[in-house]
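Only the coordinates and a few stated rules stand behind these numbers; no lab work does. Not measured: the values here are computed from a predicted model. Counting neighbours? That spans all protein chains shown, and the Cβs are built from the backbone with ideal geometry, glycine included.
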Ligand SMILES: [Fe+2]
Ligand SMILES: [Fe+2]
């Protein structure tokens with residue numbers, strides 16, 4: 001299979017995101033958690049399927065995701081040890097890495113829907129990792145890490161499609177389209193929530209800078225009018 005091409009339009013944004021070593025560390029540790037959760041979901045999917053070949057594939061996939069989790073964690077911690085700044089920033093929101101099956105209830109899904117979702121999710125992850133690899137020339141170790149993990153993601157992308165076509169040859173295309181629509185809807189929800197978050201932050205800031213200052217000025221003026229020191233009750237009333 002041809003290597004997954006990076007998303008060229010997003011290269012400048014991703015270059016900026018991965019430039020800062022602190023953010024690199026935070027993102028790698030965050031990816032580690034997502035990969036570990038994805039591995040657990042795949043083990044659950046393996047338990048639920050009655051198809052022996054698919055069970056083996058899911059278990060092999062789960063092992064890969066667990067390995068990715070340890071690799072991301074090790075590199076993230078190494079970057080932390082080098083004393084990088086840890087404070088989260090706005091750019092942390094971008095570059096989600098592999099989403100795994102975090103948006104899916106494995107127990108409730110039909111096997112076709114699950115395989116279609118895994119395929120699209122792995123394809124998106126492969127594209128993301130190819131983009132990260134391209135912009136990480138300033139950090140060859142992290143770049144090599146993404147290169148190694150990318151190969152696995154491409155193989156996950158292939159096996160899930162092959163299994164979908166084996167298990168549901170006549171309905172695989174429909175399953176893929178349904179999974180695509182679900183992903184678009186969820187992306188829209190994530191975007192809407194992110195936007196609501198930004199709007200509420202802006203409104204709070206405006207409130208802070210526009211509504212509060214007049215009260216602060218009024219309080220200062222009133223404090224200036226008051227005489228210093230102790231006053232009799234009569235003086236206070238007048
Ligand atoms: Fe992975
Ligand atoms: Fe994967």
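Quick notes on this one:
- In the chain, helices alone account for a calculated mean residue ellipticity at 222 nm of -25500 deg cm²/dmol, with every DSSP H run of four or more residues adding -39,500 (n - 2.57).
- Backbone N atoms of segment 64-78 closer than 13 Å to the 7 Å Cα→Cβ label point of residue 141 belong to residues 72-78.
- With Cα atoms, 0 to 90° folded angle of helix 212-225 axis to the chain main axis: 20
- Take the Cα of residue 67, step 7 Å toward its Cβ, do the same at residue 199, and the gap between the two points is 4.6 nm.
- Peptides 52-63, 119-130 ordered by packing proxy, namely the average of other Cβ atoms within 10 Å per residue, highest first: 119-130, 52-63.
- The gain in end-to-end length when the residue 231 to residue 206 segment is fully stretched comes to 5.1 nm, 0.36 nm per residue minus the alpha carbon separation.
- Take the Cβ atoms of residue 11 and residue 224, set R0 to 41 Å, and the FRET efficiency comes out at 0.10.
- Taking every alpha-carbon pair under 8 Å whose residues sit at least 6 apart, the chain reaches a relative contact order of 23 percent.
- Global geometry of segment 5-204, whether rounded, prolate or oblate, following the gyration tensor of its Cα atoms and the 1.5 cut on a/c: prolate
- Gyration tensor verdict on segment 120-238 (Cα atoms; rounded if a/c is under 1.5, prolate if a/b is larger than b/c, oblate otherwise): prolate
- Difference of contour (0.36 nm per residue) and Cα-Cα distance, residue 184 to residue 47: 46.5 nm
- Degrees between helix 140-167 axis and first principal axis of the chain (Cα, 0 to 90, nearest 10): 60
- Ranked by the mean number of other Cβ atoms within 10 Å of their residues, highest first, the peptides 23-31, 154-162 fall in the order 23-31, 154-162.
- Between the alpha-carbon centres of segment 155-215 and segment 118-149 there is a gap of 20 Å.
- Computed from Cα atoms, the angle from the helix 172-206 axis to the main principal axis of the chain rounds to 10 degrees.
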